[in-house]
Amino acid sequence: MEDRQITELFLKRDEEAIRAAQTAYGAYCLSIARRVLRNEEDAEECVNDMLLAAWNSIPPNEPENLAHYLGRIVRRIAIDRLRKETALKRGGSEARVALDELEEMLAAAGTPEELLEKKELAAAVSGILRNFKEAERNIFIRRYWFLDTEAEIAERYGISRGQTAMILSRGRKKLAAALKKKEWIE
C-alpha cells in the first residue's frame with residue numbers, strides 16, 4: 001500500500017491504517033528505535049507507541065512523506081525513553097553521548113512559539129548541513145540522526161576512529177559558527 005493510501009486511512013480514522021503502517025514501516029521504525037535504545041523490547045514498545053502517536057496526530061497532520069513522519073515520531077519517542085531511563089544514571093549509552101554533544105546548541109522547546117522557532121532552527125540546520133562536503137555531511141548525519149558510534153562510522157566509511165572524531169568535532173564547530181552567525185545561538 002502506498003503512503004497516500006495509508007494516510008487516507010488515518011484521515012478516515014480507519015483502524016486498517018495502523019496495520020498498513022506497521023506492515024509498510026514497522027521494520028524501518030524498529031531499526032531506528034533499536035539504534036537509539038539498543039534494547040529489542042524497548043524498541044518494540046517504541047514502535048507501538050509510534051503507531052498510537054501517528055493515530056492521534058493524523059489528522060490534523062497530513063504528512064507528505066509517511067516514512068519520514070513515522071521515523072521522526074519513533075526517534076523522538078525512543079530518545080525521550082532513553083532520557084527518562086538515563087535520568088538517574090550518568091553515561092553508558094552511546095546515543096546519550098551523541099545527544100549530549102549537540103545539546104548545548106540545540107535546546108528543547110515546549111511552547112507554541114518555541115515549537116515554531118524549533119522548526120525554523122531545523123530548517124536552518126538543514127541549510128547549513130547542505131553546505132558541508134558530502135562525506136562530512138554523511139558522517140555528521142550518521143552520528144547525530146542515526147546515532148551510529150564513531151567506530152561504526154569509521155568502519156562504514158573506511159577511515160580511522162580518530163579521523164571520524166576530528167570530522168565530527170570540526171562539523172560541530174562549523175555548525176555552531178553558522179548558527180551564531182545567523183543569531184540562533186550565542
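Each row is one residue, and each column tells you yes or no for (1) surrounded by 13 or more Cβ atoms within 10 Å (Cβ to Cβ); (2) over 28 Å from residue 85 (Cβ atoms).
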{"residue": "2", "(1), (2)": "no, yes"}
{"residue": "9", "(1), (2)": "yes, yes"}
{"residue": "14", "(1), (2)": "yes, yes"}
{"residue": "19", "(1), (2)": "yes, yes"}
{"residue": "28", "(1), (2)": "yes, no"}
{"residue": "34", "(1), (2)": "yes, no"}
{"residue": "44", "(1), (2)": "yes, no"}
{"residue": "49", "(1), (2)": "yes, no"}
{"residue": "56", "(1), (2)": "no, no"}
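Would you check which residues across the stretch 24-41 are in contact (Cβ under 8 Å) with a residue 12 or more places away in the chain, within 19 Å of residue 145 (Cβ to Cβ) and either part of a helix (DSSP H, G or I) or among the polar types (S, T, N, Q) (or both) and list them?
Of all residues in the stretch 24-41, those in contact (Cβ under 8 Å) with a residue 12 or more places away in the chain come to 24-26, 28-30, 32-33, 35-38.
Retained after the next criterion (residues that are within 19 Å of residue 145 (Cβ to Cβ)): 25, 28-30, 32-33, 35-38.
Selection gives 25, 28, 29, 30, 32, 33, 35, 36, 37.
Return the residues of the stretch 20-60 that are aromatic (Phe, Trp, Tyr) and under 18 Å from the mean Cα position of the chain (by Cα); say none if nothing qualifies. So that I can check it myself, show each step before the final result.
Taking the stretch 20-60 and keeping what is aromatic (Phe, Trp, Tyr), we get 25, 28, 55.
Within the stretch 20-60, 25, 28 meet the criteria.
Just the residues that are under 20 Å from residue 31 (Cβ atoms), of a type in the set (A, V, I, L, M) and not in a helix (DSSP H, G or I), please, taken from the stretch 130-170. Working first, answer last.
Pass one, the stretch 130-170, residues under 20 Å from residue 31 (Cβ atoms): 138-153, 155-157.
With the extra rule that they be of a type in the set (A, V, I, L, M), the set shrinks to 139, 141, 147, 151, 153.
If the condition is that a residue be under 20 Å from residue 31 (Cβ atoms), of a type in the set (A, V, I, L, M) and not in a helix (DSSP H, G or I), then 147 is the only one that fits.
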### Query
Residue check, residue 59 against (1) assigned to a loop (DSSP other than H, G, I, E, B); (2) within 30 Å of residue 150 (Cα to Cα), all met but one. Which one?
(2)
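Criterion first (modelled with pLDDT of 90 or more and either at positive phi or under 15 Å from the mean Cα position of the chain (by Cα) (or both)) does residue 158 satisfy it? Spell out the reasoning first.
Numbers: modelled with pLDDT of 90 or more: yes; either at positive phi or under 15 Å from the mean Cα position of the chain (by Cα) (or both): yes.
Taking the combined requirement at face value, the residue satisfies it.
Among the residues of the stretch 135-186 satisfying the criterion of being of a type in the set (Lys, Arg) and in contact (Cβ under 8 Å) with a residue 40 or more places away in the chain, which is nearest to residue 35 (Cα to Cα)?
Restricting attention to the stretch 135-186, the residues satisfying the condition of being of a type in the set (Lys, Arg) are 137, 142-143, 156, 161, 170, 172-174, 180-182.
Next cut, in contact (Cβ under 8 Å) with a residue 40 or more places away in the chain only: 143, 172, 174, 182.
Numbers: 143: 11, 172: 21, 174: 26, 182: 32 Å.
It comes out as 143.
Okay, residues lined up against (1) at pLDDT 75 or above; (2) touching a strand residue (DSSP E or B) at 6+ places or on another chain (Cβ under 7 Å); (3) surrounded by 13 or more Cβ atoms within 10 Å (Cβ to Cβ):
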residue: 90; (1), (2), (3): no, no, no
residue: 95; (1), (2), (3): no, no, yes
residue: 99; (1), (2), (3): no, no, yes
residue: 134; (1), (2), (3): yes, no, no
residue: 145; (1), (2), (3): yes, no, yes
residue: 150; (1), (2), (3): yes, no, yes
residue: 168; (1), (2), (3): yes, no, yes
residue: 179; (1), (2), (3): yes, no, yes
residue: 183; (1), (2), (3): yes, no, no
### Message
With among the aliphatic types (A, V, I, L, M), modelled with pLDDT of 85 or more and in contact with a Gly (Cβ under 6 Å, 6 or more places away or on another chain) as the only criterion, which of 73, 32 stands out?
### Response
32
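The values are calculated or read from the model by the stated rules, or taken from the named source; none is laboratory data. Keep in mind that what you see is a predicted model, and the values were worked out from it rather than measured. Using ideal geometry, Cβ is built from the backbone for each residue, glycine included, and neighbour counts are taken over all protein chains shown.
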